[in-house]
1. Is it true that residue 137 is part of a loop (DSSP other than H, G, I, E, B), touching a helix residue (DSSP H, G or I) at 6+ places or on another chain (Cβ under 6 Å) and either on the phi < 0 side of the Ramachandran plot or within 14 Å of the ligand (Cβ to nearest atom) (or both)?
2. Please work out which one of (1) in contact with a strand residue (DSSP E or B) (Cβ under 9 Å, 6 or more places away or on another chain); (2) closer than 25 Å to residue 142 by Cβ; (3) more than 14 Å from the ligand (Cβ to nearest atom) is the condition residue 89 fails and give its number.
3. What about residue 46, is it in a helix (DSSP H, G or I), out of contact with any strand residue (DSSP E or B) (no Cβ under 8 Å at 6 or more places or on another chain) and crowded, with 19+ Cβ neighbours inside 10 Å?
4. So in segment 130-150, with the set limited to residues that are within 16 Å of the chain's Cα centre (by Cα) and under 16 Å from residue 162 (Cβ atoms), which one is surrounded by the fewest Cβ atoms within 10 Å (Cβ to Cβ)?
5. One residue is enough: does segment 53-72 have a residue meeting the conditions more than 10 Å from the ligand (Cβ to nearest atom), touching a strand residue (DSSP E or B) at 6+ places or on another chain (Cβ under 8 Å) and more than 22 Å from residue 139 (Cβ to Cβ)?
6. Can you report the number of residues in segment 174-196 which are surrounded by fewer than 20 Cβ atoms within 10 Å (Cβ to Cβ) and either closer than 17 Å to residue 130 by Cα or in contact with a helix residue (DSSP H, G or I) (Cβ under 8 Å, 6 or more places away or on another chain) (or both)?
7. For segment 92-128, give me each residue that is within 12 Å of the ligand (Cβ to nearest atom) and either surrounded by 17 or more Cβ atoms within 10 Å (Cβ to Cβ) or free of Cβ contacts under 8 Å to residues at least 12 places away in the same chain (or both).
8. One residue is enough: does segment 28-38 have a residue meeting the conditions more than 23 Å from residue 219 (Cβ to Cβ), assigned to a helix (DSSP H, G or I) and more than 13 Å from the ligand (Cβ to nearest atom)?
Ligand SMILES: C[S@@+](CC[C@H](N)C(=O)[O-])C[C@H]1O[C@@H](n2cnc3c(N)ncnc32)[C@H](O)[C@@H]1O
């Protein structure tokens, strides 16, 4: 059995989780970041407080804070029950146990909500949705996409994945996507199509192991980059 969701859940991660999932270096953080499908993650709030230029986009940013909080609360119990029912599917090292996981998700939500009103006014939270983004070519150094593309491969088809990845690669010099597994912990069938489309458009890609694993086996990130840019030193 595995976690089954009939919608994309508003479940957010912390800045430290983003740093690990995406192997972010100080230079990466200084490059100008887009968090696509940022949801109630606290990465943007934390990185902004640390002085970095970050913009997050998500269709849920059309909703007021109270609605985002209530959507989180609506799914929290069922998410935790499903995680508890599938103990072999998860790695409990970074998160000690399911309760610690929920506590960290709540912490991320609260940190995000503290920043939400000011962030909307400052346009660091913007309402937008893949596969079409309201930014010019090369607007960002790196576009991050966490727990949307590939994870929801059963909901979002190959055409969507290819269009979305190419759009991210248009607005940013580099793209990082995590994880590469779907909700059933299977390798996403769309990774190869995305890599082929990026290669056909003159870009390069590589898959990197990273220092974050919650879904068992889900510790790999896809990096899309310009061939003219230097290769990765991440391992
Ligand atoms: C599981 S949450 C992940 C949030 C955050 N990236 C993280 O990892 O903590 C997925 C997010 O993707 C957003 N989303 C759904 N469809 C989207 C689309 N077409 N473009 C951008 N974001 C989308 C959802 O609203 C939700 O907030």
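The values are calculated or read from the model by the stated rules, or taken from the named source; none is laboratory data. Computed from a predicted structure; not experimentally measured. FYI the Cβ positions are ideal-geometry reconstructions off the backbone, even for glycines, and counts take in every protein chain you see.
1. On the way: part of a loop (DSSP other than H, G, I, E, B): yes; touching a helix residue (DSSP H, G or I) at 6+ places or on another chain (Cβ under 6 Å): yes; either on the phi < 0 side of the Ramachandran plot or within 14 Å of the ligand (Cβ to nearest atom) (or both): yes.
So residue 137 passes the test.
2. All conditions are met except number (2).
3. Values: in a helix (DSSP H, G or I): yes; out of contact with any strand residue (DSSP E or B) (no Cβ under 8 Å at 6 or more places or on another chain): yes; crowded, with 19+ Cβ neighbours inside 10 Å: yes.
Here the answer is yes, as residue 46 does meet what is asked.
4. 131
5. no
6. 3
7. Answer for segment 92-128, where residues must be within 12 Å of the ligand (Cβ to nearest atom) and either surrounded by 17 or more Cβ atoms within 10 Å (Cβ to Cβ) or free of Cβ contacts under 8 Å to residues at least 12 places away in the same chain (or both): 104, 105, 108, 109, 111, 112, 125, 126, 128.
8. no
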